[in-house]
Amino acid sequence: MNNQNDFEIFLGTQPGLEALLLQEVIERGFKGAKAVGGGVTVRGHWEDVWRANLTLRGASKVLARIGEFRAFHLAQLDKRARKFPWDETLMPGHTVKVEVVTNRKSKIYHAGAAIERIERAIHEEFGSKIATSMEDADIIIKARIDDNNVRFSVDTSGVGLHKRGYKQAMGKAPLRETMAALALRGCGYSGNEPVLDPMCGSGTFLIEAAEMSRNLMAGRYRSFAFEKLASYDPGAVKRFHETWKPRQSQQRFYGSDRNVNVIGFSKANAERAGVLDMCTFKPLPLSTIERPDGPNGLIIVNPPYGARIGKKKDLFALYTAFGDVMRERFSGWRVGLITSDSKLAEATKLPWLPTGPPIAHGGLRVRLFRTKAL
Ligand SMILES: C[S@@+](CC[C@H](N)C(=O)[O-])C[C@H]1O[C@@H](n2cnc3c(N)ncnc32)[C@H](O)[C@@H]1O
């Protein structure tokens, strides 16, 4: 790939969250942003790839398109994959694995055979060792064979970007940080108001919100697959870290949960993320939470939902109680709630605004329900 030219960068997200990710990508100044199924595409250079990995809160993966060619049969795929300039992307000494997606419009439709050809080409022409599984691979190359066109991308993130690097302890059904960040955005949160989660589990919403409030870099604690690519410039990435400007914030973040163990996890996670000084975590059942002193803000919560944990009848009682507590004690606050079951959301009797599309979440479809200020 020619370093002078820009190229397509794909920013993945959970289907249903594309529009919210698009907002963030545009705000962060990426060029040519377009929402597509399962993500957003932009055009840019390697600096943009590093910046996307380090700073976007909503993206779950960053893929760089590294080239394409036509191939109508496996022998042609083999020949062209051998001629592909792998040295522009890969570095010696790292293991590689290839993932292929084909479609019916292509003469090459057998993904397994295509993987075998591409991996052999990389191994024999460039010398990379092929990993035995995706988990063991340092670098994952993704090939999409569509209408006899073979398009290669490299996964520049490695471990999914929801892993910010601070969360070691979790409750039963933790939310992904990337989804929490986009749900906060969907509720109009921009870092300038208090946030309260009365069923906070491992504290995901509050830690994300506190980090947003201080403008901390999302990926500041982790490493990325791009560090193992030929294009990596450690000096440029270091300078980027050095010039990033966190801001002062006096906002407060309130978490409670009836499970005392998860409150311990929240505290430990917030401490590792460096935001514990902004947070208050208390082991409390929903029924006893109180409105904090100070300005109104946002309540955001993902209560248990049937298909994951808890029993249906108890869940209806819990959602009804949640609605009562909100109306009685939180007038002037906005509410955001994630659940898989619209009937549970209705049981709160809160004045929900029209909802966005369903969001694919761990085999379920969930929605973000939002109110205006109560
Ligand atoms: C789906 S989990 C929330 C996960 C959390 N967002 C996270 O990222 O870790 C639901 C949480 O609700 C809590 N919970 C259930 N019933 C509750 C109640 N009546 N009062 C307070 N917390 C409750 C559970 O202990 C659990 O931690």
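Laid out as a table, the results:
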{"item": "Yes/no for S133 being surrounded by fewer than 16 Cβ atoms within 10 Å (Cβ to Cβ), more than 16 Å from the ligand (Cβ to nearest atom), over 30 Å from A270 (Cα atoms) and of a type in the set (S, T, N, Q)", "result": "yes"}
{"item": "Conditions (1) under 20 Å from I139 (Cβ atoms); (2) open to solvent by 40 Å² or more (accessible area, probe 1.4 Å); (3) of a type outside the set (S, T, N, Q): number failed by W46", "result": "(2)"}
{"item": "Criterion: closer than 30 Å to D136 by Cα and open to solvent by less than 30 Å² (accessible area, probe 1.4 Å) - qualifying residue of A236, A268", "result": "A236"}
{"item": "Qualifying residue in region 64-75 (condition: under 30 Å from A180 (Cβ atoms), touching a Leu at 6+ places or on another chain (Cβ under 9 Å) and either among the acidic types (D, E) or open to solvent by less than 20 Å² (accessible area, probe 1.4 Å) (or both))", "result": "yes"}
{"item": "Filter result for R117 (modelled with pLDDT of 95 or more, in contact with a Lys or Arg (Cβ under 6 Å, 6 or more places away or on another chain), under 16 Å from D78 (Cα atoms) and surrounded by 15 or more Cβ atoms within 10 Å (Cβ to Cβ))", "result": "no"}
{"item": "Set S231, S213, S202, S256: member being over 23 Å from the mean Cα position of the chain (by Cα), hydroxyl-bearing (S, T, Y) and farther than 30 Å from T95 by Cβ", "result": "S256"}
{"item": "Lone qualifier among K167, K228, K163 - being of a type in the set (D, E, K, R), within 16 Å of the ligand (Cβ to nearest atom) and either on the phi > 0 side of the Ramachandran plot or in contact (Cβ under 8 Å) with a residue 60 or more places away in the chain (or both)", "result": "K167"}
{"item": "Residue that is surrounded by the fewest Cβ atoms within 10 Å (Cβ to Cβ), among those in region 177-197 that are in contact with a strand residue (DSSP E or B) (Cβ under 7 Å, 6 or more places away or on another chain) and acidic (D, E)", "result": "E193"}
{"item": "Per-region count, region 244-296, residues of a type outside the set (K, R) and touching a strand residue (DSSP E or B) at 6+ places or on another chain (Cβ under 6 Å)", "result": "15"}
{"item": "Residue that is nearest to the ligand (Cβ to nearest atom), among those in region 245-281 that are among the basic types (K, R) and over 17 Å from I300 (Cα atoms)", "result": "K267"}
{"item": "Selection within region 170-200 - modelled with pLDDT under 95 and within 15 Å of the ligand (Cβ to nearest atom)", "result": "M170, G171, K172, A173, P174, L175, R176"}
{"item": "Every pair of residues 6+ apart whose Cβ atoms lie under 7 Å, when the first sits in region 64-89 and is modelled with pLDDT of 95 or more while the second is part of a strand (DSSP E or B) and charged (D, E, K, R)", "result": "R65/E8; R65/R151; E68/R151"}
{"item": "Top-ranked residue in region 16-43 [being open to solvent by 40 Å² or more (accessible area, probe 1.4 Å) and of a type in the set (G, A, S); ranked as farthest from T89 (Cα to Cα)]", "result": "A19"}
{"item": "Filtered residue count, region 354-374, keeping only those that are open to solvent by less than 50 Å² (accessible area, probe 1.4 Å) and either touching a helix residue (DSSP H, G or I) at 6+ places or on another chain (Cβ under 6 Å) or over 17 Å from S331 (Cβ atoms) (or both)", "result": "9"}
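Listed here are the residues, each with its yes/no results for (1) under 28 Å from the mean Cα position of the chain (by Cα); (2) more than 15 Å from the ligand (Cβ to nearest atom); (3) assigned to a helix (DSSP H, G or I).
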{"site": "P303", "(1), (2), (3)": "yes, no, no"}
{"site": "L315", "(1), (2), (3)": "yes, no, yes"}
{"site": "F322", "(1), (2), (3)": "yes, no, yes"}
{"site": "G332", "(1), (2), (3)": "no, yes, no"}
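The values are calculated or read from the model by the stated rules, or taken from the named source; none is laboratory data. Note that this is a predicted model, so its numbers are computed, not measured. Because the Cβ atoms are built from the backbone with ideal geometry, glycine has one as well, and the counts that use them run over all protein chains shown. The area values use the complete protein model at the heavy-atom level, side chains included, leaving out ligands, DNA and RNA. Shrake-Rupley method; radii C 1.70, N 1.55, O 1.52, S 1.80 Å.
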